[in-house]
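Participant: Have a look at this one.
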Amino acid sequence: NPQEMENLLKSIFEFNVHEVTIPIVSWSIAAFFKERLKHIGWKLPHLMIIGEAGSGKSSATEDILMKIHCIKSAPLACDRLTTFSSLKALSSSNIRPTILEEYKPSRIGTTKANLISGILRDTYDGHTVRRGTPSLKVIEFAYRSPLVLVGEASTEEKAIKDRTIETTCSLY
């Protein structure tokens, strides 16, 4: 739809400073080539959109990232994330990003923060996770989806920071 494209372009150029929008748009384009990059030995880094409350993180996610990838469903909330929901989401597509929002390590607790750290490590390396079913079958879930983490704080783990493109939204 031409009107949707015009609105997207308006969002990209008028949303925030270019230092915020350019990494989001660039990463979004690279996500379409994730499997090709993997084939030549490159790994797509995660995208982390951080900033204080009201700084435009949700707008950046909804008005740019989700529109580029035609994502209509709501992002996964970090505080409600489970191992199974993350397995399903991260193994559903190798192009369409999985978005985890409201990442606030101090509020989501150690267990959820550790779960998300593990997801960040496993998705970067493209690991496969096996899970048993009640019928005693084993199902494999391949972590293939590009990953976006949106929140008020970044992770402190150096290994994850090295595998991440980080853009900071600011009120000023």
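The values are calculated or read from the model by the stated rules, or taken from the named source; none is laboratory data. The structure presented is a predicted model; accordingly, all values stated were derived computationally and were not measured. Cβ coordinates were reconstructed from backbone atoms using ideal geometry, including for glycine residues, and neighbour counts include every protein chain displayed. Note: accessible area is taken over every heavy atom of the protein model, side chains too, but ligands, DNA and RNA are not part of it. Shrake-Rupley method; radii C 1.70, N 1.55, O 1.52, S 1.80 Å.
Participant: For Leu120, state whether it is over 28 Å from Val17 (Cα atoms), touching a helix residue (DSSP H, G or I) at 6+ places or on another chain (Cβ under 7 Å) and surrounded by 15 or more Cβ atoms within 10 Å (Cβ to Cβ).
Facilitator: Details: over 28 Å from Val17 (Cα atoms): no; touching a helix residue (DSSP H, G or I) at 6+ places or on another chain (Cβ under 7 Å): yes; surrounded by 15 or more Cβ atoms within 10 Å (Cβ to Cβ): yes.
For Leu120, the condition - over 28 Å from Val17 (Cα atoms), touching a helix residue (DSSP H, G or I) at 6+ places or on another chain (Cβ under 7 Å) and surrounded by 15 or more Cβ atoms within 10 Å (Cβ to Cβ) - is not met.
Participant: Report, by residue number, each residue of the range 34-44 that is surrounded by fewer than 18 Cβ atoms within 10 Å (Cβ to Cβ) and either touching a helix residue (DSSP H, G or I) at 6+ places or on another chain (Cβ under 8 Å) or without any contact (Cβ under 8 Å) to a residue 40 or more places away in the chain (or both).
Facilitator: To start, the set of residues in the range 34-44 that are surrounded by fewer than 18 Cβ atoms within 10 Å (Cβ to Cβ) comprises 35-43.
Residues satisfying the conditions are Arg36, Leu37, His39, Ile40, Gly41, Trp42, Lys43.
Participant: Still on this structure, I have one more. Would you pick out the residues in the range 139-170 that are small (Gly, Ala, Ser), open to solvent by 10 Å² or more (accessible area, probe 1.4 Å) and closer than 14 Å to Gly126 by Cα? Step through it out loud before you land on a result.
Facilitator: Going through the range 139-170, the residues small (Gly, Ala, Ser) turn out to be 142, 145, 151, 153-154, 159, 170.
Narrowing further to those that are open to solvent by 10 Å² or more (accessible area, probe 1.4 Å): 142, 153-154, 159, 170.
If the condition is that a residue be small (Gly, Ala, Ser), open to solvent by 10 Å² or more (accessible area, probe 1.4 Å) and closer than 14 Å to Gly126 by Cα, then Ala142 is the only one that fits.
Participant: Can we say Ser117 is in contact with a Ser or Thr (Cβ under 9 Å, 6 or more places away or on another chain), under 15 Å from Leu87 (Cα atoms) and of a type in the set (Gly, Ala, Ser)?
Facilitator: Numbers: in contact with a Ser or Thr (Cβ under 9 Å, 6 or more places away or on another chain): yes; under 15 Å from Leu87 (Cα atoms): yes; of a type in the set (Gly, Ala, Ser): yes.
Yes, satisfied.
Participant: Closer than 29 Å to His18 by Cβ, of a type in the set (Asp, Glu), open to solvent by 80 Å² or more (accessible area, probe 1.4 Å) and not in a strand (DSSP E or B): which single residue out of Glu62, Glu102 fits that description?
Facilitator: On the way: Glu102 fails: not in a strand (DSSP E or B).
Exactly one residue qualifies, and that residue is Glu62.
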